[in-house]
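Below: the structure, in structure tokens.
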Amino acid sequence: MSASAVFVLDLKGKVLICRNYKGDVDMAEIDHFLPLLLQQEEEGLLSPAITRGNVHFLWIKHSNLYLVATTNKNSNAALVYAFLYKLVEVFTEYFKELEEESIQDNFVVVYELLDELMDFGFPQTTDSKILQEYITQEGNKLEVAKSKVPTTVTNAVSWRSEGIKYKKNEVFIDVIESINVLVNANGSVMSSDIVGSIKLKTMLSGMPELRLGLNDRVLFTLTGRDKGKSVAMEDVKFHQCVRLSRFENDRTISFIPPDGESELMSYRINTHVKPLIWIESVIERFSHSRVEIMVKAKGQFKKQSVANNVEIKVPVPSDADSPKFKTSTGHAKYVPEKNLVVWTIKSFPGGKEFLMRAHFGLPSVENDEKEAKPPITVKFEIPYFTVSGIQVRYMKIIEKSGYQALPWVRYITQSGDYQLRTNS
């Protein structure tokens with residue numbers, strides 16, 4: 001079972017828009033949602049599902065909005081949350097920003113979308129490209145583009161329209177890996193993993209059949225190949241276009257792709273990752289006078305690779321003032337509202353080491369309260385490189401008209417949740 005009704009509320013708990021799908025939960029129950037949420041927040045027991053009597057509120061917060069689904073059955077909670085996040089995705093594709101104002105400005109379109117996305121509590125058409133074929137906007141005015149429902153909605157391939165034509169047939173494949181690393185104050189890696197995503201930009205005519213080959217360890221084991229250069233992927237999730245039965249049988253990733261941009265799959269690799277940008281820091285605090293900060297950053301990746309737009313965020317005491325900086329490269333700036341020094345390096349080659357020194361004054365009368373010690377965080381992007389060693393071995397494109405198409409592959413590694421704790 002799924003949701004009985006879906007509500008969009010502002011931060012004060014006022015209902016901006018709602019849709020009752022099943023009528024088995026009193027719509028006035030939503031008035032209890034925010035008081036219950038605030039009570040839980042006060043008690044430090046905040047939960048993603050709140051229950052009152054036999055009514056369950058499953059909620060998410062986005063920008064200045066709460067999206068809430070109500071149900072009085074033992075619903076599939078994962079399905080309801082997936083639907084709420086899908087709502088955010090669809091509304092964002094329609095209105096660019098999803099916030100209170102965009103709901104109020106596009107009230108009719110939002111209601112129309114709520115009608116199409118779910119029927120009697122069950123998710124229906126949730127692909128925004130398909131929805132945009134028959135629920136369109138002109139300014140803030142709704143125009144139902146076609147009186148008849150597009151065939152895509154009733155097709156077996158509900159994510160792709162028929163009759164798509166391109167002069168030049170191409171598909172762009174982006175393999176993007178985010179590294180999550182937590183390093184303790186002694187320099188030991190406490191936890192690390194890689195979260196990967198394969199994104200497509202498809203510009204192909206007709207109804208092409210695509211087959212993607214990766215250096216997947218399970219496949220290499222099945223076919224008796226050398227496992228040396230293969231990758232063990234976990235938590236693999238696919239776009240609905242992928243034929244799961246084929247993948248389960250012989251690990252073939254076979255699909256008819258959506259047109260334009262989409263995420264084909266995501267995966268996780270649970271492995272020990274050497275931090276690509278290593279940070280050493282010395283933060284000395286001289287009571288009633290000053291704080292001296294020295295940060296050394298080292299690129300621990302191949303010399304031929306370059307990390308772009310590196311941002312190293314170093315926490316400083318909240319009562320610090322009069323900043324002075326010295327950097328061997330890039331530039332540092334003080335962000336007082338966040339109690340941070342942000343050191344930006346446009347281009348950071350592998351194997352290189354850079355230094356940043358900062359000097360802050362401290363007030364003569366100090367705050368007695370002990371401050372928390374936030375970690376140093378690092379943001380970066382390294383093109384043409386993946387940490388896991390995942391590779392696109394081939395992309396076969398078959399279409400009945402027999403056209404030739406070009407696949408292009410790009411690899412990117414970026415920081416995810418990348419934190420290094422400090423001693424200071």
Practice item. Please list, in chain and number order, the residues 5+ apart from L264 or on another chain whose amide H is under 5 Å from its amide H, with Hs placed from the backbone. Key: I198, K199, L200
Point to revise | Compactness of segment 196-243 - radius of gyration and Dmax, Cα, Å | key: 13.5, 39
Review point. Which is farthest toward the positive dipole end of the chain among T344, Y334, T125, measuring Cα position about the Cα centre, with Cβ charges +1 (Lys, Arg) and -1 (Asp, Glu)?
Key: T344
Study note, to complete from the structure: In whole percents, the bins of 10 Å from zero upward hold the Cα-Cα pairs of segment 295-360 as 21, 49, 23, 6, 0
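Dividing the Cα radius of gyration by the Kirkwood radius, what Rg/Rh value follows for segment 334-414?
The Rg/Rh ratio comes out at 1.26.
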**Study point:** Carbon + sulfur, % of accessible area of segment 258-383 - ligands and nucleic acids excluded, 1.4 Å
**Key:** 48 percent
Exercise for review: Taking the Cα centre of the chain as origin, sum charge times position over the Cβ atoms of Lys and Arg (+1) and Asp and Glu (-1), and report the length of that vector in debye to the nearest 20.
Suggested key: 2280 debye
Exercise for review: Starting from the amide H of N215, placed 1.01 Å from N in the peptide plane, find each other amide H under 5 Å away whose residue is 5 or more places distant or on another chain.
Suggested key: Q391, R393
Exercise for review: Taking only protein heavy atoms into account and a 1.4 Å probe, give the accessible area per residue of segment 1-124 in Å².
Suggested key: 49 Å²
Review point. When percent of Cα pairs over 26 Å apart is calculated directly from the model, which label among [x] 68; [y] 61; [z] 57 fits?
Key: [x]
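Among all helices in the chain defined by DSSP H, which have a length of 20 Å or more along the axis from Cα atoms plus a Kyte-Doolittle mean of at least 1.0?
Values: long enough: 77-95 (27 Å, 1.17).
Helices meeting the criterion: 77-95.
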Review point. Scattering from the C-alpha atoms of segment 1-124 alone, worked out with Debye: what is log10 I(q)/I(0) at q = 0.11 1/Å?
Key: -0.33
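How large is the translational diffusion coefficient of segment 203-330 in µm² per second when you combine the Kirkwood radius over alpha carbon pairs with Stokes-Einstein at 25 °C and 0.890 mPa s? Working shown, then result.
Numbers: Rh = 20.1 Å.
Approximately 122 µm²/s, per Stokes-Einstein.
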Check your understanding: Amide H neighbours of A5 under 5 Å, counting only residues 5+ apart in sequence or on other chains, H built in-plane at 1.01 Å?
Key -> Y21, T70
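State the percentage of accessible surface on segment 149-241 attributable to carbon and sulfur atoms; use a 1.4 Å probe and exclude ligands, DNA and RNA. Mind showing how you got there, number by number?
On the way: 2380 of 4510 Å².
Carbon with sulfur: 53 percent of the solvent-accessible area.
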Check your understanding: Okay, helix-only estimate at 222 nm for the chain: each DSSP H run of n ≥ 4 adds -39500 (n - 2.57), divide by all residues, round to 500 deg cm²/dmol; what do you get?
Key -> -4500 deg cm²/dmol
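The values are calculated or read from the model by the stated rules, or taken from the named source; none is laboratory data. Predicted, not measured: the structure shown is a model, and the values here were computed from it. Cβ coordinates were reconstructed from backbone atoms using ideal geometry, including for glycine residues, and neighbour counts include every protein chain displayed. Side chains are part of the model used for accessible areas, which takes the heavy atoms of the whole protein and leaves out ligands, DNA and RNA. Shrake-Rupley method; radii C 1.70, N 1.55, O 1.52, S 1.80 Å.
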